[in-house]
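The values are calculated or read from the model by the stated rules, or taken from the named source; none is laboratory data. Here the structure is a predicted model, which means the values were calculated and not measured. Cβ coordinates were reconstructed from backbone atoms using ideal geometry, including for glycine residues, and neighbour counts include every protein chain displayed. Accessible surface areas use protein heavy atoms only, side chains included; no ligands, DNA or RNA. Shrake-Rupley method; radii C 1.70, N 1.55, O 1.52, S 1.80 Å.
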Amino acid sequence: MLAAGPASAQQAEQAPAAQSYAADFFAPFNPVTAEDMIRRLPGFSLDGGDDRRGFAGAAGNVLINGERPSSKTALAEQLSRISARDVLRIDIRVGGGDGTDVSGQTMIADVRLRPREAGATNTFVAQASQLDPSGSINPLVVLTSGFKLGDVNLNLALQAQPARRGRIEYEKETRSGTGAPVSQGPEFLQGSYWEYRMSGRASWKAGESDAFNVNLQATPSRDGRHTFSQTFNAIGALTQVDDSKVTGDDAWAAEAGGDWEHRLSPDASFKLIGLASGRHTGSSERYSTNFTAGGFRNTFIERSADSGEFVARGVMSWKPLKDHAIDWGGEIAFNYLDSNLDVRVQTPRATIDATPPVANTRVEEERAEAFVSDVWQAAPGLRIEAGVTVETSIITQSGDGAQERNFTYFKPRVGATWSADSANQLRFLLERDVSQLDFTEFASVVSLFDGTVDLGNPNLEPERTWRSTLEWEHRFGTKGVVTLSAFHDAVEAVQDQIPIAGLFDAPGNLGDGRRTGVKLDATAPLDVVGLTGGELRLKGMAQESSVTDPVTGISRRFSDEPDWSYSVDVRQALPDLKLAWGALYERADEVDQYRLRELRTTGWDEANFDLYVETTAITGLIVRFTMADVLLPQEIRERQFFTPDRGASALPSSIETRAATGGFGTRSYAVRVSGRF
């Protein structure tokens with residue numbers, strides 16, 4: 001059912017909820033955590049925010065008790081630590097700003113928690129999945145506990161994957177540009193991985209004016225893989241055998257964050273946020289090739305990367321007038337990446353150093369920004385948000401490719417929401433977004449699996465985009481909603497692969513580009529078609545993009561972006577039988593990657609189709625059986641190679657095709673038991 005629910009003092013000062021969903025609305029979906037509830041909100045799609053340095057650009061579209069969590073951990077993961085039993089209701093609000101420190105969102109979900117009582121709320125998830133064709137059993141355990149210790153609310157969580165193994169099997173084939181067979185053979189990749197993720201959150205309200213939050217997380221992990229392949233020539237004779245082993249370091253990631261909010265008056269408050277994080281990854285790799293005609297080649301690779309981030313942010317919120325809410329503040333951040341790569345190649349004749357340029361480097365960034373925004377309730381049904389952010393940074397690279405660069409960008413934003421009536425709403429957003437540079441692209445990367453080298457590019461610039469979005473939302477009944485969106489992006493300095501000195505590939509900037517498209521997000525009850533208790537969710541996207549290719553000089557679409565995608569999600573609750581079932585059907589267009597001498601196309605030959613059945617017949621437990629990727633789709637990757645490059649030759653000199661069974665297309669069977677205690 002829909003309910004307004006009692007509003008807290010803080011929420012009363014924010015914009016009223018456009019829609020509220022009480023906890024019992026979600027009962028037919030058997031939620032265990034707040035994440036389960038968020039994913040069943042009609043007309044709402046969880047946005048975890050961008051993976052960016054600093055705190056400002058990483059905002060998603062979910063609040064907890066009217067506040068943005070002082071953590072950059074994925075929103076879905078943070079929500080999974082909150083028991084559904086602790087959720088009072090979820091409010092849907094329009095737009096950001098208004099004291100939330102979330103901007104650029106047209107819709108926000110606010111998870112309102114029940115006041116913590118003396119007793120604890122604990123949840124658990126235990127899952128065993130079997131991946132085909134590997135046949136291995138992969139366990140997963142998630143435990144959460146929420147309780148009160150004196151005046152402090154505590155949430156603890158543990159996610160354990162003690163062993164995860166997956167196998168990908170390939171059939172590879174190479175043909176000449178005219179289609180004549182050149183070589184073929186089988187290949188497999190066997191991966192192994194373990195991870196333990198421990199986290200905690202403490203909240204303390206020290207009187208009416210002060211509130212404190214602390215978040216901690218630590219994640220140790222290790223991964224590795226083994227590959228093996230055989231290559232046969234056109235007449236079926238074995239020509240070479242490839243074998244490799246990758247042993248990962250004892251990797252780790254850690255994060256500590258906290259915030260203090262102080263209310264100066266009923267109309268003014270400030271919030272201080274601090275965040276620190278670090279990460280280490282690395283591996284030792286051996287790739288061996290033995291030729292049946294005699295000879296061998298061994299390649300040894302050592303990789304390591306250490307990165308860290310330190311952020312401080314302050315936000316002042318003030319309501320000078322009844323219809324205006326102003327936020328202003330600033331942020332400073334320091335980030336670094338130490339990347340090291342060593343490559344040695346051994347043949348019967350000699351061992352040589354094959355480390356590429358810009359392989360060992362340190363990148364540091366000092367960044368600061370100032371921002372101001374105003375949310376104006378211009379009329380009972382009209383809400384306008386406007387703001388501007390000024391960002392400046394200094395990026396210093398030492399070691400290979402040493403240099404220092406300065407960047408300053410203005411990022412204005414304006415948005416409006418018009419509620420024509422209780423069922424129809426129009427939303428508009430225009431903003432300038434500046435992407436953040438991926439530090440890993442400043443250092444060279446070698447892939448022996450694909451036989452590619454991407455040079456580090458110290459001259460890489462951030463992509464700048466003017467984004468415009470127009471949305472129409474129509475609600476019907478208690479569950480029905482349809483949202484149609486049109487968007488257009490004008491992109492400056494599109495980030496993609498560029499040729500370096502006519503010899504190498506490297507991440508770099510193309511010219512200007514554009515992206516235009518439409519999206520559909522719809523939720524509808526299926527009772528009217530005879531499926532009592534059923535629900536249908538549709539999502540779809542179609543877009544067109546264009547940018548001038550740096551090799552051919554011809555306009556083409558953006559790399560790694562599909563032109564279309566859609567999903568159909570059906571669920572039906574059968575309460576009399578204590579059963580529920582569901583199905584998910586997803587499909588997307590293939591994507592292209594453009595390199596100096598290669599055009600790579602990747603797609604699936606079948607749709608991803610998942611089925612599940614769950615029961616609550618055992619008191620206190622939810623037991624779910626899932627069969628994922630029922631159609632066992634193959635990932636088809638085609639690589640067209642051009643001599644000397646794509647600009648000089650219209651026809652490929654050779655074509656390599658890999659058909660992969662496994663990975664994301666692996667048919668998997670899982671049994672999951674979840675509940676509360």
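Rounded to the nearest Hz, the phi-derived 3J(HN,Hα) couplings of region 239-247 under the Karplus curve 6.51 cos²θ - 1.76 cosθ + 1.60 (θ = phi - 60°) are 10, 7, 10, 10, 9, 8, 9, 10, 10, where x marks glycine and proline. In the full protein context, the chain carries 45 Å² of accessible surface per residue, based on a 1.4 Å probe and ignoring ligands, DNA and RNA. Over all other residues within a Cβ to Cβ distance under 13 Å of Arg405, the charged ones net out to -4, with Lys and Arg as +1 and Asp and Glu as -1. Using just its DSSP H runs of length 4 or more, each adding -39500 (n - 2.57), the chain gives a mean residue ellipticity at 222 nm of -500 deg cm²/dmol after division by all residues.
For the chain, the carbon plus sulfur part of the accessible surface works out to 59%, probe radius 1.4 Å. Taking only alpha carbon atoms, region 242-400 gives an Rg to Rh ratio of 1.27, where Rh is the Kirkwood radius. Using DSSP to define loop residues, name the trypsin sites (Lys or Arg not before Pro) in region 315-399 whose beta-carbon has at most 12 other beta-carbon atoms within 10 Å. Within region 315-399, the qualifying trypsin sites (Lys or Arg not before Pro) (loop, at most 12 other Cβ atoms within 10 Å) are Lys322, Arg349.
If you wrap the chain's Cα atoms in a convex hull and average its projection over all directions, what's the area in nm²?
On the way: hull surface 124.0 nm².
Mean shadow area of the hull around the Cα atoms is 31.0 nm².
Split the chain at each of the GluC sites (Glu not before Pro) in a DSSP loop with at most 11 other beta carbon atoms within 10 Å, and the longest piece is 209-677.
Projected label points at Leu426 and Ile636, each 7 Å from Cα along the beta carbon direction, are separated by 4.4 nanometres.
How would you classify region 626-677 from its alpha-carbon gyration tensor, with a ≥ b ≥ c the square roots of the eigenvalues: rounded for a/c under 1.5, else prolate if a/b is greater than b/c, otherwise oblate? All intermediate terms of the calculation are to be shown ahead of the outcome.
On the way: a/c = 6.94, a/b = 3.75, b/c = 1.85.
Note, shape of region 626-677 comes out prolate.
Pairs of lysines in the chain whose Cα atoms sit within less than 18 Å of one another amount to 6, provided the residues are eight or more positions apart or on different chains.
In this calculation the C-beta distance from Ile618 to Leu538 is compared with R0 = 41 Å, giving a FRET efficiency of 0.80. Using alpha carbons only, how many angstrom separate the centre of region 420-477 from the centre of region 311-329? If we compute the Cα centre of each part, the gap is 27 Å.
When a/c is below 1.5 the answer is rounded, else prolate if a/b is larger than b/c, else oblate, so apply that to region 404-459 with a ≥ b ≥ c taken from the square roots of the Cα gyration tensor eigenvalues. Cα axes put region 404-459 in the oblate bin. The phi-based Karplus calculation (6.51 cos²θ - 1.76 cosθ + 1.60; θ = phi - 60°) puts the 3J(HN,Hα) values of region 569-584 at 10, 10, 9, 9, 9, 10, x, 5, 9, 6, 10, 8, 9, x, 9, 10 Hz, whole numbers, x for Gly and Pro. Taken along the Cα-to-beta-carbon direction at a fixed 7 Å, the label points for Asn406 and Ala126 span 6.1 nm.
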